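The values are calculated or read from the model by the stated rules, or taken from the named source; none is laboratory data. Computed from a prediction, not measured in an experiment: that's the story for all the values here. Cβ placement follows ideal geometry from the backbone for every residue including glycine, while neighbour counts extend to all protein chains displayed.
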Amino acid sequence: MIMSDKRTALVTGGTRGIGSAISVALKQDGYDVIANYAGNKRAADIFEKETGIKTLKFDVSDFDAVQKACSKLDIDVLVNNAGITRDKMLHKMELDDWRSVMSVNLDSCFNTCRAIVPNMRVKSWGRIINISSINGQKGQMGQTNYAASKSGIIGLTKSLALENAIKKITVNAVCPGYIETEMTDAMDAGVLDHIVKQIPKGRMGKAGEIAAIVSFLASEKAAFINGATITANGGQYMA
């Protein structure tokens, strides 16, 4: 296991979009950051060169691959950010559309937590921040798979928080609304305009705004926040 004088943070899906902003924010906070990625090596290489943050390739949906990768790491802060979409109405959804989204979005949280929590318990300190979604709170047409996976993350968060509170490990969820990323950049302009009209703030969020929440939850200042679900959606949905 690699030990460090500084606390170490692992961010899954940490080289692009919201994950990239989280990785950079935690580095600025003084953590040794490891940004996981699954397949886009070119993007990961560019990210590592630009930020100086170490990247590590492994499939978060593969239990054995996660155990192998994490066995070499001493992780103090875990951010479960990796996620995919395979949008389709349920009556047209293929089984693989369901399974792949559940595996990458939800199973991955079990995989990483199962690998990392035991060592956090030994150290009696840890921070786990799980990135859910507004659609995991309110549902979304054409996203039964995605919404189910993100709702599952909230349940996992609350239960894991109860299990580990006595060990000074906090587990919290962040539910972003629509955030400006490569994913939203690729959406139809008319669809985006319709979405923005539903947001009381009149705009989409920025990745840095989500990263700031994660930064706080990872800090000592947030030691009494545990099992919480924090929404950041501009008022689009108030849970």
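If you go through region 66-99 and keep only what is outside any loop (DSSP other than H, G, I, E, B) and either surrounded by fewer than 16 Cβ atoms within 10 Å (Cβ to Cβ) or modelled with pLDDT under 95 (or both), you end up with Gln67, Lys68, Leu90, His91, Lys92, Leu95, Asp96, Arg99. For Val101, the conditions (1) of a type outside the set (D, E, K, R); (2) in contact with a Lys or Arg (Cβ under 9 Å, 6 or more places away or on another chain); (3) closer than 20 Å to Gln236 by Cα; (4) without any contact (Cβ under 8 Å) to a residue 60 or more places away in the chain are fulfilled apart from (3).
Could you grab me the full set of residues in region 141-159 that are among the polar types (S, T, N, Q) and either assigned to a helix (DSSP H, G or I) or surrounded by fewer than 16 Cβ atoms within 10 Å (Cβ to Cβ) (or both)? Don't jump to the end; show me each part of the working.
Let us first name the residues in region 141-159 that are among the polar types (S, T, N, Q), namely 143-145, 149, 151, 157, 159.
Matches in region 141-159: Thr144, Asn145, Ser149, Ser151, Thr157, Ser159.
In region 164-192, the qualifying residues are those that are in contact (Cβ under 8 Å) with a residue 24 or more places away in the chain and part of a helix (DSSP H, G or I), and the one that is surrounded by the fewest Cβ atoms within 10 Å (Cβ to Cβ) is Glu182. Looking at Gly17, Gly52, Gly30, just one residue is surrounded by 18 or more Cβ atoms within 10 Å (Cβ to Cβ), at positive phi, touching a residue at least 24 places away in the same chain (Cβ under 8 Å) and not acidic (Asp, Glu), and that residue is Gly17. Among all residues of region 44-51, there is none that is more than 18 Å from the chain's Cα centre (by Cα) and not in a helix (DSSP H, G or I).
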